[in-house]
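Student: One structure, pasted below without further comment.
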Amino acid sequence: MKHKEGKPLRTEWKRFVLAALKEGKIQRSEMDCKGTIFSLTYSPVVESDFVNVYGLDITERKQAEEKLKEYSEHLEEMVGDEEKALAVGCIGYIEKPINPDTFLAEIEKYL
């Protein structure tokens, strides 16, 4: 999509365009547009006083990253549960969720 000459750039885009031109280096940002997340790359063509902007839909990647973060936090909580149980004198710990196929064997270890 081409930017129409004479129309002002959005403020957040303008900042990256100007930085790309001033520093002569690629700039990157992310933008949420109605629930779709884009990775934007601002690539300067300094000698022409021009910046190409490339966009990539990264919505699925961001959603996957969020799920991984939640899963990681859950795992850390589970490790914390075991450490807390052992620290207060418990002789064992059975992971959650409890697996009905191995539950009795786990219990028998402590009887």
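The values are calculated or read from the model by the stated rules, or taken from the named source; none is laboratory data. Here the structure is a predicted model, which is why all the values come from computation and not from measurement. Note: ideal-geometry Cβ built from the backbone for every residue, glycine included; neighbour counts use all protein chains shown.
Student: Being in a helix (DSSP H, G or I) and either on the phi > 0 side of the Ramachandran plot or loosely packed, with under 11 Cβ neighbours inside 10 Å (or both) is the filter here, so list the residues in the range 85-111 that pass it.
Tutor: Matches in the range 85-111: A87, L104, A105, E108.
Student: Would you mind stating whether V46 is of a type outside the set (F, W, Y) and touching a helix residue (DSSP H, G or I) at 6+ places or on another chain (Cβ under 9 Å)?
Tutor: Details: of a type outside the set (F, W, Y): yes; touching a helix residue (DSSP H, G or I) at 6+ places or on another chain (Cβ under 9 Å): yes.
Criteria met by V46.
Student: A further question follows. For the range 43-52, does any single residue satisfy the condition of being under 27 Å from V17 (Cβ atoms), among the aromatic types (F, W, Y) and touching a strand residue (DSSP E or B) at 6+ places or on another chain (Cβ under 6 Å)?
Tutor: The first filter runs over the range 43-52 and keeps only residues under 27 Å from V17 (Cβ atoms), leaving 43-52.
The next check asks that each one be among the aromatic types (F, W, Y); those that pass are 50.
Next, only the ones that are touching a strand residue (DSSP E or B) at 6+ places or on another chain (Cβ under 6 Å) stay: none.
Within the range 43-52, not a single residue is under 27 Å from V17 (Cβ atoms), among the aromatic types (F, W, Y) and touching a strand residue (DSSP E or B) at 6+ places or on another chain (Cβ under 6 Å).
Student: Separate question: Before we move on, is G6 out of contact with any Ser or Thr (no Cβ under 7 Å at 6 or more places or on another chain), under 28 Å from A64 (Cβ atoms) and either modelled with pLDDT of 95 or more or not hydrophobic (A, V, I, L, M, F, W, C) (or both)?
Tutor: Working: out of contact with any Ser or Thr (no Cβ under 7 Å at 6 or more places or on another chain): yes; under 28 Å from A64 (Cβ atoms): no; either modelled with pLDDT of 95 or more or not hydrophobic (A, V, I, L, M, F, W, C) (or both): yes.
The answer is no for G6.
Student: Taking the range 18-72 as the search range and keeping residues that are assigned to a strand (DSSP E or B) and hydroxyl-bearing (S, T, Y), which one is surrounded by the most Cβ atoms within 10 Å (Cβ to Cβ)? Please lay out each step first, then the result.
Tutor: At the first step, the residues of the range 18-72 found to be assigned to a strand (DSSP E or B) are 27-33, 36-45, 50-57.
Subsequent filtering for residues that are hydroxyl-bearing (S, T, Y) retains 29, 36, 39, 41-43, 54.
Details: S29: 15, T36: 11, S39: 15, T41: 16, Y42: 21, S43: 14, Y54: 12.
By that ranking, first place goes to Y42.
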